[in-house]
Amino acid sequence: MEYSDRLLALRTSPPSLRPAEAERIARDLYGLAVSIHPLPGERDCNFRLRTAGAPGAAAPDDAPREFVLKVTGAQTDCTGCLVSVLDHLAEQDPTLPVPRLFPTQQGEAVGRFTRDGIDFDTLLVSFLPGDLLRGSSPSPTLLRNMGSTLARVDVALQGFFHPSLTRRLAWDVRHLPELAEFSGYIESPSLRESVEKVGASFRTCLPRLRGLRSQAIHGDCHAANLLVDTDRQSVCGILDFGDMIHAPLIFEPAVAMSELLTDAMAPLEATAGVLHGYAQHQWLRAADVELLYDIIAARHAVTLLVHAWRCVHDTQGARVLDDAALHAGQSLDRLLLVDRRALTATWHEAAGTPAPPAPQTVDLARRRRLMGAGAELFYEKPLHLVRGAGVWLYDADGRAYLDVYNNVAHVGHAHPAVVAAIQRQTAILSTHTRYLHENVLEYAERLTARLPAHLDACIFVNSGSEANDVAWRMAQMATGHRGGLVMEHAYHGITDAVAALTPGAGRPQDPRVATIAPPPADLRVEDAMDVDALTAAAQATDRAIAALAARGLAPAAFFIDTAITSSGIFDPPAAWAAAVAGRVRAAGSLVVADEVQYGLGRSGSHFWGFERRGLVPDIVTLGKPVGNGYPMGVVVAGRGLIEAFQARFGFFSTFGGNAVAAAAGLAVLAVLEREQLMANALAVGAYLRAQLESLAARYACLGTVRGTGLLLGLEVLGTDAAAAKRRNKRIVNALASEFRVLIGYEGPQASILKLRPPMPFHRDHADLLVQAIDAAAAAIDLERG
């Protein structure tokens, strides 16, 4: 299939029709005796008709009447859409300055005729008086009126839909990534580089665009589609509804502002008048305005790419865009040089939307002085992040980063339901659990309802570290033992007590703790374990128990991060966990499931990681994700064990379980269920894993894919462990600096790419991630070659 057949309007294709033929159509189909004047058209043939009588009238009117005859190839959907939208607008707002439709003599909205065996459609609409905006110099008053008139059209279009509005139109900026493959057609190297830069940046905007308020819009407001009353400085006609689409509402003013620039009608700063006028009739959100720069730049890039394609494949159509392409190139150069943040701030002011707080430059020397030189920072070029939304984080310059790392914002950064719950409760009361409050009780009920029946009571703290600290003390109290078992290279927190449960963190291993070797990396839940593998798991556990016994200790608790994350991200079948758990229980140990990283549905298949492992824990610990970033930790166990611990130690946490934290926790559980985020983790995780496995098969520097759901690992290979670690860090830093995708690294040799995004991570986001890893791995393999 030719590319122009896949994207409508890439090629111009008006039918060839002589004025004499149009005159005959007007007479035969509409009963009009007319004079004919051709009008321009990109994909249809247009004629201005002038007659002394109204169509179908028995006798002529006193005054001449004027119409426009539109002839196009038989395209039922597009023609039908035009008929439907003109009828809809006439019904919803008869005062709008848009064409009115006239039927044929037989009362049909669409006329039809055949020539040389080819069918054509015809439409007869009113001719609107006025001067084309092209050729004038619009005043601020006219620009504001232009925006308000477009907004009135969009208000009238609310609720309108037609299947053809979803057709693939080349001018729809959402297809810029497809058009970008033709950037090689752009002759100027510098202009080609600018277009490619805009295209790469725009890819990261697509998921956010899909989250904006959308509806049917005109979508093609340029200087040849607007008629103006120069005396009144107002729009008196909006023409050509043939490029209507269903799209984010902000596209309407964005296209108009962009076209003013590519038609060289107004300077950049003046286009804010259009936005101001539009916002008087259509409510816009800050998120809409934040993407305005990207949409305008993308529209410029589309103009240049369509023109470049036509120069090769449709020279006549290219001539129509010669001036627009020239101005688009000049305007794009200016756009890329302006202070985007300052420009967007003026647009927020024009639209009446709240601008993000002005960023402040962080002085690294000041940070080191106040926090110590060892205070850890991600990435070689530290990021100054100022806000987050969903799976996106934004830096001080307004750049968006795809977050594929932070599970703290479990249901998405700044999720409005969680934010509202926190704000609402903060405004009422925030106090501890020594007073009665319903929130913490309701949260405990909803949480334990998700757990096995024997896990029926909670202790509330502030973090996963504190939760593991309490679980460690509780296990020692319950068993009378002082030893601990963990996976090799495990991580369970930062308090002094649980630091013992975090071996290999640059400190001597605590003699009270022994480690169990992890399962094979290529062993998955779906696999059946052979006898040798089960024997190896049991023997590894026996060795750890024996190591404790040699020091005069017995295990009080076996702590397991149920994704086995820090050890390298493993996903063994239940038989492995059964072999380990059976041995540790026989030694008198409790089993503690650390769900800080894998709980709350992240595996996709199960709400809890211990369920996926086939474990029945004695204690479950939770941390950062349960409050979506609000400090909160939970220890869940049987009521008898918790009451014994309370009686022994009189444990109390000042902030643990406070009313605000409980409100946040309740909101997180509600969002998980309402938005079906566990099912999303299952579907998107499977899709992402398949894409990563495809990459790994293509690149020598990539190895196994590990994990499931939305906690995955991708092994990076090298000639030795040090080389693999260096490559891994290169990929992580390249993704952050070049592709604005944030991931981390994991494993004992730091050779595993760690992918652990917020739960609303969708296939579009997965595609952006895979594209970034693809490019980074290709660069490494190329160096090897």
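The values are calculated or read from the model by the stated rules, or taken from the named source; none is laboratory data. From a predicted model like this one, the values you see are computed outputs, not experimental measurements. FYI the Cβ positions are ideal-geometry reconstructions off the backbone, even for glycines, and counts take in every protein chain you see. Accessible surface is based on the protein model in full, side chains and every heavy atom, while ligands, DNA and RNA are left aside. Shrake-Rupley method; radii C 1.70, N 1.55, O 1.52, S 1.80 Å.
The table that follows gives values for the structure above.
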{"read-out": "GLU349 within 30 Å of the chain's Cα centre (by Cα), among the acidic types (Asp, Glu), open to solvent by 50 Å² or more (accessible area, probe 1.4 Å) and closer than 19 Å to GLY273 by Cα", "value": "yes"}
{"read-out": "Residue ID - nearest to ALA766 (Cα to Cα), chosen from residues in segment 359-401 that are without any contact (Cβ under 8 Å) to a residue 40 or more places away in the chain and among the β-branched types (Val, Ile, Thr)", "value": "VAL386"}
{"read-out": "One residue from LEU688, LEU702 being in contact with a strand residue (DSSP E or B) (Cβ under 9 Å, 6 or more places away or on another chain), of a type in the set (A, V, I, L, M) and over 24 Å from ARG612 (Cα atoms)", "value": "LEU702"}
{"read-out": "Tally, over segment 669-697, of residues that are over 21 Å from LEU451 (Cβ atoms) and in contact (Cβ under 8 Å) with a residue 24 or more places away in the chain", "value": "11"}
{"read-out": "Selection status of PRO518, part of a loop (DSSP other than H, G, I, E, B), in contact with a strand residue (DSSP E or B) (Cβ under 6 Å, 6 or more places away or on another chain) and surrounded by fewer than 24 Cβ atoms within 10 Å (Cβ to Cβ)", "value": "yes"}
{"read-out": "Residue within segment 172-182 that is in contact (Cβ under 8 Å) with a residue 60 or more places away in the chain, in contact with a strand residue (DSSP E or B) (Cβ under 7 Å, 6 or more places away or on another chain) and under 29 Å from PHE47 (Cα atoms) present", "value": "yes"}
{"read-out": "Check on ARG512, out of contact with any Gly (no Cβ under 7 Å at 6 or more places or on another chain) and surrounded by fewer than 23 Cβ atoms within 10 Å (Cβ to Cβ)", "value": "no"}
{"read-out": "Subset of segment 717-760 that is part of a helix (DSSP H, G or I) and touching a Leu at 6+ places or on another chain (Cβ under 8 Å) - its residue that is most open to solvent (accessible area, probe 1.4 Å)", "value": "ARG727"}
{"read-out": "Qualifying residues in segment 85-102 (those that are free of Cβ contacts under 8 Å to residues at least 40 places away in the same chain and assigned to a loop (DSSP other than H, G, I, E, B)) - the one nearest to LEU128 (Cα to Cα)", "value": "ARG100"}
{"read-out": "In segment 10-41, the residues that are closer than 30 Å to HIS307 by Cβ, outside any helix (DSSP H, G or I) and either basic (Lys, Arg) or open to solvent by 40 Å² or more (accessible area, probe 1.4 Å) (or both)", "value": "ARG11, SER13, PRO14, SER16, ARG18, HIS37, PRO38, LEU39, PRO40"}
{"read-out": "Among residues of segment 740-766, those that are without any contact (Cβ under 8 Å) to a residue 60 or more places away in the chain and not hydroxyl-bearing (Ser, Thr, Tyr), counted", "value": "3"}
{"read-out": "Enumeration of residues in segment 180-214 that are under 21 Å from the mean Cα position of the chain (by Cα) and open to solvent by less than 30 Å² (accessible area, probe 1.4 Å)", "value": "VAL198, GLY199, PHE202, THR204, CYS205, LEU206, PRO207, LEU209, LEU212"}
{"read-out": "Number of the condition not met by ARG450 [criteria: (1) open to solvent by 20 Å² or more (accessible area, probe 1.4 Å); (2) free of Cβ contacts under 8 Å to residues at least 24 places away in the same chain; (3) farther than 15 Å from ALA661 by Cα]", "value": "(2)"}
{"read-out": "Residue in segment 454-464 that is among the aromatic types (Phe, Trp, Tyr), touching a helix residue (DSSP H, G or I) at 6+ places or on another chain (Cβ under 6 Å) and either closer than 22 Å to VAL636 by Cβ or outside any loop (DSSP other than H, G, I, E, B) (or both) present", "value": "no"}
{"read-out": "Index of the failed condition, LEU702 passing every other in (1) open to solvent by 60 Å² or more (accessible area, probe 1.4 Å); (2) hydrophobic (A, V, I, L, M, F, W, C); (3) farther than 29 Å from PRO452 by Cα", "value": "(1)"}
{"read-out": "Residues being open to solvent by 10 Å² or more (accessible area, probe 1.4 Å), in a loop (DSSP other than H, G, I, E, B) and touching a Ser or Thr at 6+ places or on another chain (Cβ under 8 Å) - total across segment 567-614", "value": "4"}
{"read-out": "Selection count where residues are farther than 13 Å from TYR405 by Cβ and of a type in the set (Phe, Trp, Tyr), scope segment 728-775", "value": "1"}
{"read-out": "Selection status of ALA420, over 21 Å from PRO631 (Cβ atoms) and open to solvent by 20 Å² or more (accessible area, probe 1.4 Å)", "value": "no"}
{"read-out": "Candidate set: segment 642-681, residues that are touching a strand residue (DSSP E or B) at 6+ places or on another chain (Cβ under 9 Å) and outside any helix (DSSP H, G or I); chosen: the one modelled with the highest pLDDT", "value": "ASN658"}
{"read-out": "Residue in segment 530-538 that is crowded, with 19+ Cβ neighbours inside 10 Å, part of a loop (DSSP other than H, G, I, E, B) and at pLDDT below 95 present", "value": "no"}
{"read-out": "Residue among GLU445, GLU376 that is surrounded by fewer than 18 Cβ atoms within 10 Å (Cβ to Cβ), modelled with pLDDT of 90 or more and either in a loop (DSSP other than H, G, I, E, B) or not aliphatic (A, V, I, L, M) (or both)", "value": "GLU445"}
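Residues checked against (1) acidic (Asp, Glu); (2) part of a helix (DSSP H, G or I); (3) over 20 Å from ALA637 (Cα atoms):
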position	(1), (2), (3)
ASN468	no, yes, no
ALA471	no, yes, no
LEU485	no, no, no
ILE494	no, no, yes
VAL498	no, yes, no
ASP510	yes, no, yes
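For (1) under 19 Å from GLU178 (Cα atoms); (2) in a helix (DSSP H, G or I); (3) among the polar types (S, T, N, Q), each residue gets a yes or a no:
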{"site": "ASP294", "(1), (2), (3)": "yes, yes, no"}
{"site": "LEU305", "(1), (2), (3)": "yes, yes, no"}
{"site": "ALA308", "(1), (2), (3)": "yes, yes, no"}
{"site": "CYS311", "(1), (2), (3)": "yes, yes, no"}
{"site": "LEU326", "(1), (2), (3)": "no, yes, no"}
{"site": "SER331", "(1), (2), (3)": "no, yes, yes"}
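For (1) buried (at least 20 other Cβ atoms within 10 Å of the Cβ); (2) in contact (Cβ under 8 Å) with a residue 12 or more places away in the chain; (3) farther than 28 Å from ARG210 by Cβ, each residue gets a yes or a no:
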site: CYS311; (1), (2), (3): no, yes, yes
site: ALA318; (1), (2), (3): no, no, yes
site: HIS327; (1), (2), (3): no, yes, yes
site: VAL338; (1), (2), (3): no, yes, no
